[in-house]
Structures are given as C-alpha cells and as structure tokens.
Amino acid sequence: MANQANNEIRYLNPPTVEVKRKKYCRFKKAGIKYVDYKDPEFLKKFLNEQGKILPRRITGTSMKFQKKVAQAVKRARHLALLPYVTDLLK
C-alpha cells in the first residue's frame, strides 16, 4: 500500500530531439562585402579555442567569404593581432 500513498503519476519523457537549424552565411545576410583584418574580436568568432580557423560546414559561411575570412585571419596573425596557437582563446 506504500505505492498508493505516493499518488504521483510519472510519464516517460520522449528523448529530446535537437532541431537542426538551416545554416546561413552571416555575411550575405548582413550585406557585408569586406572582411576587415584589423578587427580581431570579429575574427575570433571564426576560430576555435586553439586558434584554428573553423571550417565552412560548421560556421555556414559561403565559399567566397570563407576565403576572405581565412585571408583576414592570416593577415591579423602576421600583424600579431591574433595568435597563431593558443591554449584558451575564448
């Protein structure tokens, strides 16, 4: 009768399913035509914790702007605005 004292009804919750969002190019959406290498805070969005450039399949950036981002990151690294390698960038 101990079960009757506990009248809580418990339901099985379905496993949470993550809804995949459609990837989009943030440059095309915002109308950005030039990627500035002198803005390291913006370029950090395209780097992982070790300082590596994130691929297109993760960021959703189009090929045209991915090339511009890569070039801007390389220029910023050359001018010591961004590190080549780091332990924790973000």
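The values are calculated or read from the model by the stated rules, or taken from the named source; none is laboratory data. Remember, it's a predicted structure, so these values are computed and weren't measured experimentally. Heads up, the Cβs are rebuilt from the backbone with ideal geometry, glycines too, and the neighbour counts pull from every protein chain shown. Remember, those area values only see protein heavy atoms, side chains included, never the ligands or the DNA or RNA. Shrake-Rupley method; radii C 1.70, N 1.55, O 1.52, S 1.80 Å.
Given LYS23, LYS33, LYS44, LYS38, which one is outside any loop (DSSP other than H, G, I, E, B) and modelled with pLDDT of 80 or more?
LYS44
Looking at the range 36-47 only, could you name the residues that are over 11 Å from the mean Cα position of the chain (by Cα), free of Cβ contacts under 8 Å to residues at least 40 places away in the same chain and open to solvent by less than 50 Å² (accessible area, probe 1.4 Å)?
Across the range 36-47, the qualifying residues are PHE42, LEU43.
Please count how many residues of the range 55-83 are within 13 Å of PRO40 (Cβ to Cβ) and open to solvent by 80 Å² or more (accessible area, probe 1.4 Å).
Count: 5.
Tell me which of these GLN50 doesn't satisfy, since it passes every other one: (1) open to solvent by less than 30 Å² (accessible area, probe 1.4 Å); (2) not in a helix (DSSP H, G or I).
(1)
Looking at the range 75-83, is at least one residue within 14 Å of the chain's Cα centre (by Cα), within 21 Å of CYS25 (Cβ to Cβ) and in a helix (DSSP H, G or I)?
no
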